[in-house]
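Take a look at the structure set out below.
No value in this document is a laboratory result; all are computed from the given coordinates. Predicted, not measured: the structure shown is a model, and the values here were computed from it. Cβ atoms come from the backbone with ideal geometry, glycine included; neighbour counts cover every protein chain shown.
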Amino acid sequence: MICFDWVSKITVISIYLLCMFLFPYPSTAAYYGGEKHITMNDALSGSVMLKYMFRKNSDQSETFHRLLQSAALTFKPVSYETIELNVSGDLYINPGPGNEGSIWDTYDDKDAFVYEAYASFNQTMPFVNIKAGRHYVSYQFPVHIDGVSAAIPFSEEQGLFYMYAGKDVDLYGFEDGIDGTPIGAGMTTFLGEKTELGMEYLQIREEKDDTETDNKSKETYRQSSFSFKRYLDTGKAGATLKTFDNNIESVKLSAAISPVTMENVQITVSYFRQFIEVEQKPSALSPFLSLLGSIKPYQEMSFQISKGFERKNLVIWGGGDWRDLLEDNNDSSFNHSYFHAYLALEKSEFFLKDLCLFVQADSWQSMIEQSVIEEDRSDKRIVTCGGELEYQFSGKTRFGVGSYYSLYKYDYYSDLNEKTDVYSTFAKIKFVPADSIRLNVEYQLDIYDIKEHSVTITTEWQF
């Protein structure tokens, strides 16, 4: 019932033994420096979350109850200040009917997932950090491995060299019979005080079961990334180029500035272009690609400008998103061409001291002939307005109601398909009885082809 193989089990057990034998927790009679009495609070921190989800559709096609429990723990042996032990995972329970349509269906009968279980060694010369076990590596390519990663500084505040290697963690089970081995290295360095350069190379070797010959086929994927960042007195700008198997895959340009002559104004702009159709990638880089299908070449541009008025407790912002398919002009799931413009404001102390108002107007327009927007709408354009009104009863309780519109909406917890033309209305309560405890309750109604009712109750304890 546990979602990890023998290699993963050995990883978790090894870290447990490392904790028990190499770094034994001092007894309650021990003292730190002869003064401080050691307790578990000095070494253990983390959070525990319990989430209950209920959903019911108006056409009776889906009714279910689900329970999700998550935990993240960090253990720092007080006798070894440079060492941390980290564990995080989920426990999924289906207490009621309606298990169809869930992303968890791909897990067969597995209901527990270990995301992280690693030891972290900090400031161990010449390394600034070493991680061993199951963990995420998130530099320019996010990967999830059972293995080792290490970072070495060039010199003080001048740059960093990093490397990682291990076995790909396949939590989702979309690609049974595939074993991946990511090996990567990269660096970031500064040219002067305001220019940062980065590069990373990743190679993934995959072995796949051949059902016809009962043998394993082997493939090697190579991906590279080059980044440039420039820090300005009024903001920053950057560019990133990525390649996949010796082909230019994508380019991204971005900038964010706060003009000196304009008080409390921020402007952000970005441009992204994917040059090739992504049909196949190693599961270590894109575990959901086999479900989503191919991602066609496209370009996307976004722009936003915001202005704050401190004396009026008011923030106004507006902008737009433009997405264009470069080759195939047919609209399909996860492949769209559209233009989205919006204007929003947030006003605190709205008539009452503890009342906050948020309002946003949106305009959506399809850029191709066959669109998910209903054909009887002129110009294939939708103009909507949504918002939220939130009142804080005390320092511990907040209540809010609101509505919004989504041209495309996804819910990986219940449905892997794309929902289109969705109107949503919600009500929520946030209760904080103590600094370390939070309770959230939310009801939401989504109206598209059908009406979908959902209730989510979340409790979280941080320590």
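Please work out how much length the chain gains when fully extended from Ala237 to Leu343, using 0.36 nm per residue of separation minus the C-alpha to C-alpha distance, in nm with one decimal.
Full extension of this stretch gives 35.7 nm more.
Taking Lys419 as the anchor, which lysines have their alpha carbon closer than 16 Å to its alpha carbon, excluding any fewer than eight residues away along the same chain?
The reachable lysines, counting only those whose Cα sits under 16 Å from Lys419, are Lys56, Lys409, Lys451.
With a point put 7 Å past each Cα toward its Cβ, work out how far Val265 is from Thr195 in nm, to one decimal.
Each label point is offset 7 Å from its Cα along the Cβ direction, giving 2.9 nm.
Distance check, please: which entries in Lys307/Lys396; Lys396/Lys428; Lys307/Lys347; Lys208/Lys296 exceed 18 angstrom between their Cα atoms?
As for pairs spanning more than 18 Å Cα to Cα, those are Lys307/Lys396; Lys208/Lys296.
Express in nm, to one decimal, how much length is gained between Ser302 and Tyr408 on full extension, taking 0.36 nm for each residue of separation and deducting their alpha carbon distance.
Gain in length upon complete extension: 36.4 nm.
Give me the number: length gained by fully extending Met53 to Ala256, i.e. 0.36 nm times residue separation minus the C-alpha to C-alpha distance, one decimal in nm.
Value of the extension gain: 69.3 nm.
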